[in-house]
Structures are given as C-alpha cells and as structure tokens.
1. Name the single residue that is most open to solvent (accessible area, probe 1.4 Å) among those in segment 110-125 being at pLDDT 80 or above and of a type in the set (A, V, I, L, M, F, W, C).
2. Taking segment 37-59 as the region of interest, how many residues are modelled with pLDDT under 90 and part of a loop (DSSP other than H, G, I, E, B)?
3. Tally up the residues in segment 16-51 that are among the polar types (S, T, N, Q), closer than 18 Å to residue 64 by Cβ and surrounded by 13 or more Cβ atoms within 10 Å (Cβ to Cβ), please.
4. Determine, yes or no, whether residue 79 is of a type in the set (Asp, Glu), free of Cβ contacts under 8 Å to residues at least 60 places away in the same chain and in contact with a strand residue (DSSP E or B) (Cβ under 8 Å, 6 or more places away or on another chain).
Amino acid sequence: MDAGDVVNVGTPPGPLSDWAIKKVHFHGFEGLPTTRHVPVESPKFSCFGHKWIVSIYPGGHEDSNEGEVAVYLCNESPESIRAFYKIVLKHPTNQAKRYFKTGSVDEMETFTPEGSVKGSCGTTYFAKREK
C-alpha cells in the first residue's frame, strides 16, 4: 500500500495532533528595511496560553550572512514553555515556487520568559533575500 492510499479522517494521533497553526503575514516585504539587525515584528498573538511575536530581519540578524533573512518566534510571556515549532515561508501568489522552513525537529525547544536572551527560536540563515 502506498502512502497516497491512506486517507485520514479527523486528527491522527501522534506528535502533530496538538499542533496549532498561526499564519502571520508580512505584507510588502520588498519595502521592509534592509538594514542589518533591524527587526520587523508581528503584533502579539496567543497560543497555548502564551503571548508570541514573529520577528523577521529582512536585512539579516547580526550573525547572518550578507543577504540572508533571519526569522524568530519569540515568547512574550513571563513563563517558560517547551514546544515544537515550525516557520514556513511561501510565495504569496505562486505556491509552486520554492519555500523555506525552519523549526524544531526531534525535540521540543524551550522558549524562556520575555526579556531573556534565549526567549526565541529561529534561524539567522532563513532565506536569501532576492533583489
């Protein structure tokens, strides 16, 4: 039996059954600042009883390679939380175009409280910025 022959009804049990998906759109990306280490942040949103933001650095984080976009999911709550996460970038109009993703793989990440150095997870090398 091929994997394409399986049809699931409802949420299958397993590690993804408790995932919550939050779509965060950064419109007008080409107009965002390209200065290194200058973030553009989403409004705060709630998930699993915590407040979160997504920070994107269109010009790269301080440790990014030249021309690389950095992105982070940040815990804005006063308590730590352990969670799996995934950040996916897709083309806004052509889903056949390439996309980029980062996130936890086999282990949950610890998002420490707001204001701490390790309160976010992401990558300084998320995608190459196109001109």
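1. 121
2. 2
3. 1
4. Values: of a type in the set (Asp, Glu): yes; free of Cβ contacts under 8 Å to residues at least 60 places away in the same chain: yes; in contact with a strand residue (DSSP E or B) (Cβ under 8 Å, 6 or more places away or on another chain): yes.
Criteria met by residue 79.
The values are calculated or read from the model by the stated rules, or taken from the named source; none is laboratory data. Nothing here was measured: the structure is a model prediction, and the numbers come from that model. When we count neighbours, we look across all protein chains shown, and the Cβ atoms used for this are built from the backbone with ideal geometry, even at glycine. Ligands, DNA and RNA are stripped out before the accessible areas are found, and what is left, the full protein with its side chains, is counted by its heavy atoms. Shrake-Rupley method; radii C 1.70, N 1.55, O 1.52, S 1.80 Å.
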